[in-house]
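Visitor: Below is one structure. I have some questions about it.
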Amino acid sequence: MRVRLMSPDADFDAATELPAQTTDLLQDLQLDLLLDTMAAGDDQQRQVALTALLLGAADVDQARYRHEVLRDCEENRTVIEELFDLCGAAIKDRQGVYHSILSDRAEARLHGAVSVLGLMVPRLRMLRQISDRHAAEFASTGFRELFGRIAKVLDEEYLDRVSANLDRLRFKSGLLLSAELGESNTSSGFVVRTPHRHNRRWYRKLPVKPPTRHLDIPERDMAGFQALGELRDQVLAEASLAVSTASEEVVGFFIRLRTELMFFRGCLTLKETLAAHRCPMTLPSFVESGRAWEIDGLYDASLALDGYLVVSSELDAGASLLTVVTGANRGGKSTFLRATGIAALLARAGCFVPASHMCAELPGEVHTHFLREEDTKLQSGKLDEELARLSVTVDRLRPGALLLCNESFSSTNEREGGQVGAGVLEVLVDAGVRVVVVTHLFELAQLLWHGPRPATFLRADLDAEGHPTFRIVPGAPESTSHANVVFQRVFGRSLGSGSTLVTVGADMLDDAAVGLADNCDGRQRSLPESGR
C-alpha cells in the first residue's frame, strides 16, 4: 500500500544518493545544528531531513502538496505522534522475529513470514481504527488519500480473512496436498489443500473406515526424512514466496509511513524550537511563473539555534537574478548569505522558512562557493584552488539554480579579481542562475553596479557612530569602510582627511582596529568570523 505524503506520485526514499555539493553545503551553511534540531536525537530522522533538504521538491505543485500535509501535521500533532509510535511498534515486532528470506528451506521461510504477518494484523487493525477516528480532521490531499486507501483495503472482513488464512498456514492439523504424476513418474501439480476437519472426525466415528494408503518412515531412516523434507519444501515453495512477499510489503508500508512522517515531525520540531527562541517561521508562497525573490524578517536559523540574538533583514530582488552585498567586515554579510541559503533549502524542501514572509519562485539546487584556506601541501596557490572549485561548481549549475558566493575572487589583486569575477557572474546570470555574492572587492562591485544587467545591491548597515547593526539594507557599494570610525574611537583622532581607503585595505584595518578597541576597552566582545 502506498504512503505518498511527500509526493502524489511516489513514496519518499531516504536512501537516495545525495547531490555532489552536499559536503560544501553542510560546511558553508553550517547545517549540522539545524539538522540535529530536526532529528531530535534520531539518526534516521536526521538522514531523512538531510535528504529532503538537499534534494527538495521536484516542482511547485509538489512543494505545495507538502505544505498541505505539513499544516495537517501541525494541527493534528497528537494523531501524528500516535501514527509514528504505531509504525515504530510494528517495525520492532518485525525485528523480534527471526525470519531469513535467504534460507534455503521454503518451510522455514513460510513459518517466519506467517509469524511476522500474525504480528502485523493487530497493528493493521490499530491503523484502521486511527483512520476511522481521525480521517475527517485532515484536509490535505496526501492524508485524505492515505486514509481512503486504509479504509478501502483494511476493512474488517479482509483482516478476518487474513487471520483465518494465517491460522491455516500454521498447519496445526498437518499438511494436506494433492499432486499428479508427471513425465517419468515425477511429481507435479502440487496444490496445498484446506484440511476437511469435520469430515475427518465423521469418518473416524464409522466402525469401518475407507481404505487408505500410508507410509511410515523408520526413526533412523535419515534419507527418508530428508526426502520428505524436500517434498514439503517443493510443495510449500510457492506459498512461501507469496506469504514472504506479503509480510515484507506490510512491514515496508510501516517503514515508509514512519520515514515520511519523520520529515514533517522534523519540520515541526524545528519551528517549535525556534519559537522558543522568539524566532518566527512561515510557509513560503510561490509565484506561478516568472522571477521573484522577496523575503522579510530573514535571519540565520543556525545562529538562533546556537543561542545568539539574531537580527533580521529584508531582501527584495524582484526579477533581478544578481544580488551583491558589500560593506564593512563583521557587519553580518556572511550571516545574511547563510540565512539566504538555509531559507532556500527549506523552501525547496516544502518546509517552514526562517522569516516572517517569503514570496519567490521555487528555488533550484543550492550551490556555494566560499573562500577556503590556502593549500597547505603547496600543490597550488589560492587563486588556482579557488578557480578549480568554481569550475567544478559551474559544471553542476543549471538554469534556476541558486549560487551563493562568499568573498569569491579575493585571492588575487583588486583589479584582476574584479575583472574575472564580473565576467563569470554576468555569464551565470545570463544562463538563468540566481546569484547572491558577498564581496569586499570594490572594483567588482563597481563593475556590476555600472553593468547592463539588473542587480540588487545591499550593504552592511552602520549606526550613527559607525557601529555595525548586523542588518543588511539596500545601498550602493562604497570605496571606504568604517575603519576610520573605529580608529577615531580608540585613539581619539581621525586617520586624516587625505586617507582614502579602498575596501581591501580597509577591511584589514577594520580587523586590527576592532581587536585593538577590545583590548583598550578592557572587555571581551563576541565577534565571530561568521559576521554574527
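The values are calculated or read from the model by the stated rules, or taken from the named source; none is laboratory data. All figures in this text were calculated on a predicted structure; none of them were measured in a lab. Note: ideal-geometry Cβ built from the backbone for every residue, glycine included; neighbour counts use all protein chains shown. In case anyone asks, the SASA skips ligands and DNA or RNA and just uses the protein heavy atoms, side chains included. Shrake-Rupley method; radii C 1.70, N 1.55, O 1.52, S 1.80 Å.
Visitor: If I ask for residues that are more than 12 Å from the chain's Cα centre (by Cα) and open to solvent by 10 Å² or more (accessible area, probe 1.4 Å), which ones from the range 37-65 would you list?
Guide: Once the filter is applied, which keeps residues that are more than 12 Å from the chain's Cα centre (by Cα) and open to solvent by 10 Å² or more (accessible area, probe 1.4 Å), the range 37-65 yields 37, 40, 41, 42, 43, 58, 59, 60, 61, 62, 64, 65.
Visitor: Are any residues in the range 134-155 surrounded by fewer than 17 Cβ atoms within 10 Å (Cβ to Cβ) and part of a helix (DSSP H, G or I), and if so, which ones?
Guide: 135, 136, 137, 141, 144, 145, 148, 149, 151, 152, 153 - these are the residues of the range 134-155 that are surrounded by fewer than 17 Cβ atoms within 10 Å (Cβ to Cβ) and part of a helix (DSSP H, G or I).
Visitor: Is there a residue in the range 452-462 that is touching a residue at least 60 places away in the same chain (Cβ under 8 Å), within 19 Å of residue 338 (Cβ to Cβ) and among the hydrophobic types (A, V, I, L, M, F, W, C)?
Guide: yes
Residue-by-condition table, conditions (1) part of a helix (DSSP H, G or I); (2) open to solvent by less than 10 Å² (accessible area, probe 1.4 Å):
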site: 308; (1), (2): no, no
site: 342; (1), (2): yes, yes
site: 348; (1), (2): yes, no
site: 355; (1), (2): no, yes
site: 367; (1), (2): no, yes
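Visitor: Of all residues in the range 242-275, count the ones that are under 25 Å from residue 359 (Cα atoms) and either among the small types (Gly, Ala, Ser) or over 21 Å from the mean Cα position of the chain (by Cα) (or both).
Guide: The number of residues fulfilling the criteria is 2.
Visitor: From the set of residues in the range 156-173 that are part of a helix (DSSP H, G or I) and of a type in the set (Ser, Thr, Tyr), which is least open to solvent (accessible area, probe 1.4 Å)?
Guide: Selected residue: 163.
Visitor: Still on this structure: For the range 420-438, enumerate the residues that are of a type outside the set (Lys, Arg) and under 22 Å from residue 475 (Cα atoms).
Guide: Answer for the range 420-438, where residues must be of a type outside the set (Lys, Arg) and under 22 Å from residue 475 (Cα atoms): 421, 422, 425, 426, 429, 435, 436, 437, 438.
Visitor: Quick check on the range 325-334. Is at least one of its residues open to solvent by 30 Å² or more (accessible area, probe 1.4 Å), under 27 Å from the mean Cα position of the chain (by Cα) and closer than 19 Å to residue 473 by Cα?
Guide: no
Visitor: Okay, moving on. If you go through the range 258-306 one residue at a time, how many are surrounded by fewer than 16 Cβ atoms within 10 Å (Cβ to Cβ), part of a helix (DSSP H, G or I) and among the aliphatic types (A, V, I, L, M)?
Guide: Adding up the residues that qualify gives 2.
Visitor: Of 425, 403, 448, which residue is outside any helix (DSSP H, G or I), surrounded by 20 or more Cβ atoms within 10 Å (Cβ to Cβ) and among the aliphatic types (A, V, I, L, M)?
Guide: The conditions single out 403.
Visitor: Is it true that some residue in the range 378-399 is in a loop (DSSP other than H, G, I, E, B), in contact with a Gly (Cβ under 9 Å, 6 or more places away or on another chain) and buried (at least 23 other Cβ atoms within 10 Å of the Cβ)?
Guide: no
Visitor: Still on this structure, please answer the following. Please tell me if residue 105 is modelled with pLDDT under 95 and open to solvent by 10 Å² or more (accessible area, probe 1.4 Å).
Guide: It is true that residue 105 is modelled with pLDDT under 95 and open to solvent by 10 Å² or more (accessible area, probe 1.4 Å).
Visitor: While we're on this one: Kindly indicate whether residue 398 is at pLDDT 90 or above and out of contact with any Phe, Trp or Tyr (no Cβ under 8 Å at 6 or more places or on another chain).
Guide: yes
Visitor: Just name the residue that is surrounded by the fewest Cβ atoms within 10 Å (Cβ to Cβ) out of those in the range 312-324 that are touching a Ser or Thr at 6+ places or on another chain (Cβ under 6 Å) and polar (S, T, N, Q).
Guide: Looking at the filtered set, the residue picked out is 320.
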